[in-house]
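Structure record follows, encoded as structure tokens.
The values are calculated or read from the model by the stated rules, or taken from the named source; none is laboratory data. Since this is a predicted model, take the numbers as computed values, not measurements. So basically every Cβ, Gly included, is an ideal-geometry build from the backbone, and we count neighbours across all protein chains shown. Areas reflect the complete protein model, heavy atoms only, side chains present, ligands, DNA and RNA absent. Shrake-Rupley method; radii C 1.70, N 1.55, O 1.52, S 1.80 Å.
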There are 2 protein chains.
Amino acid sequence: MISTLSTHKQVQIIKALAHPARLEIVQALVTREHSVSELQTIVGGDLSTVSKHLTQMRKAGWIDCKKHGQHVHYRLVCKCLPEFLECVENIGTNRSTCDC
Amino acid sequence: MISTLSTHKQVQIIKALAHPARLEIVQALVTREHSVSELQTIVGGDLSTVSKHLTQMRKAGWIDCKKHGQHVHYRLVCKCLPEFLECVENIGTNRSTCDC
DNA sequence: GCCAAGTTTGGCATTTTTGTCAAGTATTGG
DNA sequence: CCAATACTTGACAAAAATGCCAAACTTGGC
């Protein structure tokens with residue numbers, strides 16, 4: 001299982017989720033798409049900060065967006081996020097011999 | 001699928017792999033365990049730097065270690081790493097409609 | 001066209017992460 | 001016990017990430 005991606009690209013993708021606000025955002029997007037201001041109410045902070053988080057995750061490839069009037073709707077691109085997070089869950093709950 | 005872990009803990013786990021050297025290290029550990037100096041020959045840089053990367057990943061829960069004479073052998077704790085990386089692979093190869 | 005709402009971008013100070021050197025701790029072989 | 005090998009820890013400078021403000025941009029309604 002050798003990656004076709006450069007290490008740098010893999011790191012970019014992983015790093016895109018390695019932040020509390022960004023993690024909360026993708027978790028919110030599992031359910032359904034959201035506009036930037038909706039996501040702001042979830043994660044708090046400045047709207048411009050939220051926008052930058054979204055840009056970073058979009059460039060990494062986790063999400064994409066579509067204009068919908070004045071709003072921009074962001075949504076998850078890949079359905080594998082839950083499996084990704086399940087692995088994180090296994091690590092965090094100390095299942096050393098997990099058979100995930 | 002609501003996490004039992006705090007966001008902070010999840011981020012700590014993800015962040016532990018969000019670095020080129022650390023990613024190369026865990027990928028090397030998929031095959032078999034390695035000592036710190038073996039890992040140094042793979043990722044380069046100072047031995048103390050490698051040691052610190054290992055400490056960070058151990059605290060996150062990805063790896064553990066055992067003393068073996070003068071050497072310290074590090075190994076992966078969880079077998080789910082390949083699935084984790086496969087998700088990264090899917091994102092990076094732009095399979096927007098991936099069914100992973 | 002003009003204004004307001006929603007979003008993005010630029011600039012910059014603050015914080016966090018990183019990497020190296022030096023010093024410290026263990027363990028083994030002689 | 002001594003010295004060498006393997007690793008860890010502390011301190012600190014350099015680099016990267018973060019967050020906020022202000023300004024710019026875009027779209028829809030009047």
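Could you check region B:56-80 and list, in sequence order, the residues that are farther than 17 Å from B:His19 by Cα and within 10 Å of another protein chain (Cβ to nearest Cβ)? Before you say what the answer is, go through the steps one by one.
Narrowing region B:56-80 to residues farther than 17 Å from B:His19 by Cα: B:64-75, B:77-80.
The answer is B:Asp64, B:Val77, B:Cys78, B:Lys79, B:Cys80.
Identify, please: which residue in region A:52-78 is more than 23 Å from A:His8 (Cα to Cα) and out of contact with any strand residue (DSSP E or B) (no Cβ under 6 Å at 6 or more places or on another chain) and is, among those, farthest from DNA strand C (Cβ to nearest atom)?
Among residues in region A:52-78 that are more than 23 Å from A:His8 (Cα to Cα) and out of contact with any strand residue (DSSP E or B) (no Cβ under 6 Å at 6 or more places or on another chain), the one farthest from DNA strand C (Cβ to nearest atom) is A:Arg75.
Go through (1) loosely packed, with under 13 Cβ neighbours inside 10 Å; (2) farther than 12 Å from A:Val88 by Cα one by one and return the number of the condition B:Asn90 breaks.
If we test B:Asn90 against (1) loosely packed, with under 13 Cβ neighbours inside 10 Å; (2) farther than 12 Å from A:Val88 by Cα, just (1) comes out false.
So that you can scan it fast, the table gives a plain yes or no per residue for (1) farther than 30 Å from B:Ile63 by Cβ; (2) modelled with pLDDT under 95:
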site: A:Ser3; (1), (2): no, yes
site: A:Gln27; (1), (2): no, no
site: A:Arg58; (1), (2): yes, no
site: A:Lys66; (1), (2): yes, no
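From the set of residues in region B:18-42 that are more than 17 Å from A:Ile2 (Cβ to Cβ) and facing chain A (nearest Cβ under 10 Å), which is most open to solvent (accessible area, probe 1.4 Å)?
Filtering region B:18-42 for residues more than 17 Å from A:Ile2 (Cβ to Cβ) gives B:18-19, B:21-22, B:33-41.
Narrowing further to those that are facing chain A (nearest Cβ under 10 Å): B:18-19, B:21-22.
Numbers: B:Ala18: 9, B:His19: 60, B:Ala21: 17, B:Arg22: 20 Å².
Ranking the qualifying residues of region B:18-42, first place goes to B:His19.
Which one of these is touching a residue at least 40 places away in the same chain (Cβ under 8 Å), assigned to a helix (DSSP H, G or I) and of a type in the set (A, V, I, L, M, F, W, C): B:Ile13, B:Ile42?
Exactly one residue qualifies, and that residue is B:Ile13.
Please go through region A:56-74 and give me each residue that is over 20 Å from B:Ile2 (Cβ atoms) and surrounded by 13 or more Cβ atoms within 10 Å (Cβ to Cβ), ordered by number. Before you say what the answer is, go through the steps one by one.
So the first thing to find is which residues in region A:56-74 are over 20 Å from B:Ile2 (Cβ atoms), and the list is A:56-61, A:63-74.
Within region A:56-74, A:Gln56, A:Met57, A:Arg58, A:Ala60, A:Gly61, A:Ile63, A:Asp64, A:Cys65, A:His71, A:Val72, A:His73, A:Tyr74 qualify.
(1) within 13 Å of DNA strand D (Cβ to nearest atom); (2) free of Cβ contacts under 8 Å to residues at least 12 places away in the same chain; (3) basic (Lys, Arg): which one isn't true of A:Lys59, the others all being true?
(2)
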